[in-house]
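Report on the structure given below.
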Amino acid sequence: MVLLDEGLFMSFKKEILTIVVCCTIILVGCGKKADENVETSKESELTTESVKNKVTEDILESSETEENAIQETFIPDAYIPVLDGVYSLINDFDGKNYAENPYDLTGIDELIYTAENPKDCLNTVGYELKDINNDDTDELFIADKDNIYAIYTIKNGKAVLVTEGWIRNRNYLLNDNTIFNEGSGGAINNMFGTYRLNSGATELEPLDIYYSDFIDESNQTVGWFYSKGSYEYNDGSLTGMTLDDATKLCDEYLAEKADLNLIYLINYIPVSYT
């Protein structure tokens with residue numbers, strides 16, 4: 001048995017404690033590092049999973065958007081010839097005073113004859129499909145931001161013109177799905193009023209119609225008349241409205257104008273072109 005000197009023993013003990021402490025620090029550090037690696041790995045997994053989920057959501061959302069776009073732009077067969085005809089009328093017009101207008105739409109003729117570049121009208125004239133009488137048949141609106149040039153419906157599988165508009169005969173869709181019309185036959189004869197397309201019908205029903213005309217035999221005084229549910233001017237009754245009153249009432253109707261979500265014809269591809 002070897003006996004160590006007390007001073008040597010204390011020196012040896014100190015070295016042993018130093019080694020133990022260093023090893024402990026190393027082990028703790030390694031453990032902490034391992035924990036950090038585990039946490040980092042978990043965070044990485046969560047981040048990766050989040051990215052995967054986000055990408056999946058984006059793909060699904062994109063797919064649903066594309067599907068909705070296809071559904072929204074589906075056009076009934078009966079309306080294809082109408083849209084083809086209007087597109088070709090605008091796109092092929094050469095600026096001369098005649099053009100093949102298979103559907104005789106006065107408003108479209110006025111538009112292209114006066115346009116500096118008729119083809120530019122493809123960027124402003126568009127269409128929308130909208131069921132305005134709850135009969136499960138979408139009406140076809142051909143319009144720009146200022147006027148509805150035509151409204152079609154389908155009867156017995158064919159497109160039927162319900163009404164049309166032009167510069168002095170403007171149509172607007174109101175929020176309650178009625179049609180507001182304002183027109184002029186000259187300085188004396190002006191009119192405005194609302195119409196409704198009943199379920200399954202192909203003609204508009206007049207609702208509230210206002211119009212101006214002479215009220216004396218000498219044709220010097222103009223008054224405003226009101227007609228309920230009739231196209232005939234002579235069915236109207238004289239009101240006390242002035243021109244200012246009529247203008248204010250007309251503006252009140254126009255304040256209820258609905259915005260059409262038009263698909264402009266520049267984005268339309270005629271069947272004859274495919």
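Looking only at the range 210-241, which residues are part of a loop (DSSP other than H, G, I, E, B), open to solvent by 80 Å² or more (accessible area, probe 1.4 Å) and closer than 24 Å to Asn177 by Cα?
Selection gives Tyr231, Glu232.
How many residues are among the charged types (D, E, K, R) and without any contact (Cβ under 8 Å) to a residue 40 or more places away in the chain if we restrict to the range 146-175? Walk me through it before giving the result.
First pass over the range 146-175, keeping only residues among the charged types (D, E, K, R): 146, 155, 158, 164, 168, 170.
Those left that are additionally without any contact (Cβ under 8 Å) to a residue 40 or more places away in the chain: 146, 168, 170.
The qualifying residues number 3.
Exactly one of (1) open to solvent by less than 30 Å² (accessible area, probe 1.4 Å); (2) modelled with pLDDT under 95 is unmet by Glu66. Its number?
(1)
Quick one: Thr124 ticks every box in (1) closer than 13 Å to Tyr87 by Cα; (2) among the β-branched types (Val, Ile, Thr); (3) open to solvent by less than 10 Å² (accessible area, probe 1.4 Å) except a single one, so which number is it?
Condition (3) is where Thr124 drops out.
With the structure loaded, tell me whether Asp84 is in contact with a helix residue (DSSP H, G or I) (Cβ under 8 Å, 6 or more places away or on another chain), of a type in the set (Asp, Glu) and either modelled with pLDDT of 95 or more or surrounded by 15 or more Cβ atoms within 10 Å (Cβ to Cβ) (or both) or whether it fails that test.
yes
Sort through Asn181, Asn189 and tell me the only one that's surrounded by 17 or more Cβ atoms within 10 Å (Cβ to Cβ), under 30 Å from Thr239 (Cα atoms), in contact with a Phe, Trp or Tyr (Cβ under 8 Å, 6 or more places away or on another chain) and not hydroxyl-bearing (Ser, Thr, Tyr).
Details: Asn189 fails: surrounded by 17 or more Cβ atoms within 10 Å (Cβ to Cβ).
Only one candidate qualifies: Asn181.
Being surrounded by 14 or more Cβ atoms within 10 Å (Cβ to Cβ), within 32 Å of the chain's Cα centre (by Cα) and among the aromatic types (Phe, Trp, Tyr), is that true of even one residue in the range 242-256?
yes
Please specify each residue of the range 221-236 satisfying the condition of being modelled with pLDDT under 85 and within 17 Å of Gly185 (Cα to Cα).
Tyr231, Glu232, Tyr233, Asn234
Can you tell me which residues in the range 110-127 are in a helix (DSSP H, G or I) and of a type in the set (A, V, I, L, M, F, W, C)? Working first, answer last.
Keep residues of the range 110-127 that are in a helix (DSSP H, G or I), which gives 110-114, 118-123.
Correct list: Leu111, Ile112, Cys121, Leu122.
Looking at Ile112, Ile142, Ile132, which one is surrounded by 17 or more Cβ atoms within 10 Å (Cβ to Cβ) and free of Cβ contacts under 8 Å to residues at least 24 places away in the same chain?
Within the list Ile112, Ile142, Ile132, the selection yields Ile112.
Glu116 fails exactly one of the following numbered conditions: (1) charged (D, E, K, R); (2) at pLDDT below 95; (3) within 30 Å of Ala246 (Cβ to Cβ). What is the number of that condition?
(3)
The values are calculated or read from the model by the stated rules, or taken from the named source; none is laboratory data. Just so it is clear, the model here is predicted, and its values are computed rather than measured. Methodologically, a virtual Cβ is constructed for each residue, glycine included, from the backbone with ideal geometry; neighbour enumeration extends over all protein chains shown. In case anyone asks, the SASA skips ligands and DNA or RNA and just uses the protein heavy atoms, side chains included. Shrake-Rupley method; radii C 1.70, N 1.55, O 1.52, S 1.80 Å.
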